[in-house]
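Colleague: Can you read through this structure? Questions will come right after.
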Amino acid sequence: MWDFKGVDYYELDALLTPEQKLIRNTVRQFVNESVLPVIRESFEEGHLPRSLVPEMGKLGLFGANLKEYGAGVDSIAYGLIMQELERGDSGLRSFVSVQSGLVMYPIYTFGSPEHKKRWLPKLASGDAIGCFALTEPGHGSDPGGMESKATKDGNYFILNGNKTWITNGTNADVAVVWAKLDGVVRGFLVEKGTPGFSAVKIEHKLSMRASDTAELYFNNCRVPKENLLPGVEDLRGPLMCLNQARYGIAWGAVGAAMACYEEALNYSKERIQFDKPIGAFQLVQRKLVEMLTEITKAQLLCFRLGQLKDQNRIKHTHISMAKRNNVAMALQIARTARDILGANGITLDYQSIRHMVNLETVYTYEGTHDIHTLILGHDITGLEAFR
Ligand code: TGC
Ligand code: FAD
């Protein structure tokens with residue numbers, strides 16, 4: 001394994017504040033010292049490296065961009081955290097994306113003062129884990145068609161329905177569940193152990209193996225009426241959460257791509273064929289040059305996206321462009337890195353194939369590549385092509 005030096009061809013470091021660099025370097029060191037030594041085993045065994053959760057809590061990685069309950073870092077620093085985590089493994093970044101963008105964010109933004117007091121400190125420290133349940137077996141790209149339903153019964157809501165592909169579903173102390181109440185999408189906080197709520201781990205995944213994914217069942221599940229998120233109605237609620245997580249993915253994908261590029265570059269300088277390092281062949285150089293160029297373009301996209309977010313000028317379509325581009329870019333780079341590594345590239349002794357298979361999930365979740373194409377197509381033409 002080679003030491004990771006970072007990929008910064010256009011000297012973007014010069015544009016970072018000392019605080020942003022410090023945060024990036026701290027997470028980089030955490031990934032080198034605590035994540036990389038254990039990630040292969042977790043991936044092979046097919047579970048989240050749970051021992052890292054308290055450490056990430058201590059580092060302030062959960063809800064890092066939230067004021068009062070988190071460190072309140074700016075959007076570029078938040079993105080750099082995601083980049084470094086995904087340089088370790090997409091599963092780890094997923095864990096933090098869900099905890100921060102999909103659980104703490106909706107409680108912070110739409111929750112009551114009691115919800116915030118009860119959950120945010122524990123979620124920030126990692127003493128509690130959360131999950132976000134939007135997708136259903138019959139409604140992935142089209143969450144507006146969801147069938148999960150809540151009905152009112154005195155001081156309770158009765159929840160019925162199934163959710164699937166839920167990251168952290170089996171580990172979660174609290175699930176942010178989206179279901180229709182009188183035909184309108186609403187968010188409910190469902191606590192572990194609530195009668196009628198169960199979670200079953202999805203086995204045999206070949207991607208995101210270092211992340212736990214579950215199916216959730218709500219069978220006449222009685223949720224106290226205070227657990228309704230009061231601050232939002234309609235699909236806007238989950239979509240606003242997705243904006244936070246998709247923003248993190250755009251940065252995270254750059255991290256995965258950087259890991260693969262560095263691995264391929266180092267390997268190409270050491271691997272000898274036809275009496276020369278393979279990096280001396282024009283075809284390999286072209287692949288490396290294309291990888292570096294695409295990473296640099298993606299870094300610039302992220303940097304500007306972060307500025308727009310901090311200036312409150314970001315649109316969800318800006319985020320779609322960066323998620324769509326950067327994940328496709330990272331997946332292509334992971335595949336090319338795997339190719340440069342030859343047969344060695346198919347083993348977990350190297351990182352590229354682990355990133356490659358993880359990125360297949362990232363390409364699909366949080367809006368598939370093609371759904372983001374349609375979101376952007378809609379924005380620029382004014383013509384909707386979903387239906
Ligand atoms: P559509 O009519 O296009 O939009 C409904 C209204 O919402 C507005 N809107 C948004 N607002 C804020 N943020 C966004 N991202 C928004 N997208 C759309 C839109 O402007 C409209 O507003 P208005 O005022 O005109 O009514 O809705 P639609 O029913 O046609 O559906 C399209 C949509 C947006 C749902 C679809 O394009 C989409 O995004 N599908 C993807 C679903 C998805 O991303 N699911 C993710 C599940 S969670 C997950 O994957 C977690 S992975 C966790 C991990 O990291 O491990
Ligand atoms: P579908 O929507 O069935 O799409 C299948 C194919 O059809 C795709 O290629 C898609 O682009 C295409 N397609 C669909 N509609 C159109 C259209 N209108 N035009 C053209 N093409 C179209 N969800 C959560 O709620 N919470 C989570 O924590 C979560 N974590 C996940 C973790 C993992 C490991 C995975 C794999 C998924 C996770 N998801 C989660 C679910 C994820 O968000 C969905 O898988 C995703 O939204 C796509 O839905 P689908 O799989 O049902 O695919």
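Colleague: Using only Cα atoms, tell me the angle between helix 316-340 and the longest principal axis of the chain; keep it within 0 to 90° and round to the nearest 10.
Modeller: Relative to the chain, helix 316-340 is tipped by roughly 40 degrees.
Colleague: Here's a follow-up. Heavy atoms only, probe 1.4 Å: what % of the accessible area of region 68-125 goes to carbon and sulfur, would you let me know? Could you put the intermediate results ahead of the total?
Modeller: On the way: 780 of 1440 Å².
Result for region 68-125: 54 percent of the exposed heavy-atom area is carbon or sulfur.
Colleague: Right, another one. Any chance you could give the angle, 0 to 90 degrees and rounded to 10, that helix 369-381 forms with the longest Cα principal axis of the chain?
Modeller: It is inclined by approximately 80 degrees.
Colleague: Determine by what factor the alpha-carbon radius of gyration of the chain differs from 2.2 N^0.38 Å, reporting the quotient.
Modeller: On the way: Rg = 20.9 Å, N = 387, 2.2 N^0.38 = 21.2 Å.
Against the empirical 2.2 N^0.38 Å value, I get 0.99 for the chain.
Colleague: Per 0.36 nm of contour for each residue apart, how much would the distance between Ala343 and Leu235 grow if the chain were fully extended, relative to their Cα-Cα spacing? Walk me through the numbers before you get to the answer.
Modeller: Values: separation 108, 0.36 × 108 = 38.88 nm, distance 4.62 nm.
34.3 nm is the gain from fully extending Ala343 to Leu235.
Colleague: Among DSSP beta bridges lying fully in the chain, give the percent that are antiparallel, nearest 5.
Modeller: Numbers: 31 of 37 bridges.
Restricted to the chain, the bridges split so that about 85 percent are antiparallel.
Colleague: Follow-up question, since we're still on this one. Expressed as a whole number of Å, what is the distance separating the alpha-carbon centroids of region 63-138 and region 191-249?
Modeller: The two parts, judged by their Cα centres, are 13 Å apart.
Colleague: I would also like to ask the following. Using mean Cβ contacts within 10 Å as the protection proxy, how do 82-93, 309-320 order, highest first?
Modeller: Details: 82-93: 29.1, 309-320: 15.7.
The most tightly packed comes first, giving 82-93, 309-320.
Colleague: Taking the highest mean first, how do the peptides 102-114, 13-25 order by number of other beta carbon atoms within 10 angstrom per residue?
Modeller: Numbers: 102-114: 20.8, 13-25: 13.8.
Highest to lowest by the protection proxy: 102-114, 13-25.
Colleague: While we're here: Mind checking the per residue accessible area of the chain for me, 1.4 Å probe, whole number of Å²? Before the final figure, lay out each step's value.
Modeller: Values: 17090 Å² over 387 residues.
Computed with neighbouring chains in place, this is 44 Å² per residue.
Colleague: If you don't mind, there's one more thing I want to ask. Nearest 10 degrees, 0 to 90: what angle lies between the long axis of helix 282-310 and the longest principal axis of the chain (Cα atoms)?
Modeller: 40 degrees
Colleague: Considering only Ile81, Val96, Ile107, whose Cα is most displaced toward the positive end of the charge dipole of region 76-119, charges sitting on Cβ of Lys, Arg (+1) and Asp, Glu (-1)?
Modeller: It is Ile107.
Colleague: Asp3 to Asn219: FRET efficiency via 1/(1 + (r/R0)^6), r the Cβ-Cβ distance, R0 41 Å, to the nearest 0.05? Walk me through the intermediate numbers first.
Modeller: Working: r = 51 Å, r/R0 = 1.25.
Taking R0 as 41 Å, the efficiency between Asp3 and Asn219 is 0.20.
Colleague: At a Förster radius of 56 Å, what calculated FRET efficiency corresponds to the Cβ-Cβ distance of Thr109 and Phe281, to the nearest 0.05? Intermediate results must be reported in sequence, preceding the final value.
Modeller: Values: r = 52 Å, r/R0 = 0.94.
Using R0 = 56 Å, I get an efficiency of 0.60.
Colleague: Sorted by average packing, counted as other Cβ atoms within 10 angstrom per residue and highest first, what order do 94-101, 202-209 take?
Modeller: Working: 94-101: 26.9, 202-209: 15.0.
The most tightly packed comes first, giving 94-101, 202-209.
The values are calculated or read from the model by the stated rules, or taken from the named source; none is laboratory data. What you are looking at is a predicted structure, and each value in this text was computed from that prediction instead of being measured. Ideal geometry is used to build each Cβ from the backbone, glycine not excepted, and the neighbour counts take in all protein chains shown. Remember, those area values only see protein heavy atoms, side chains included, never the ligands or the DNA or RNA. Shrake-Rupley method; radii C 1.70, N 1.55, O 1.52, S 1.80 Å.
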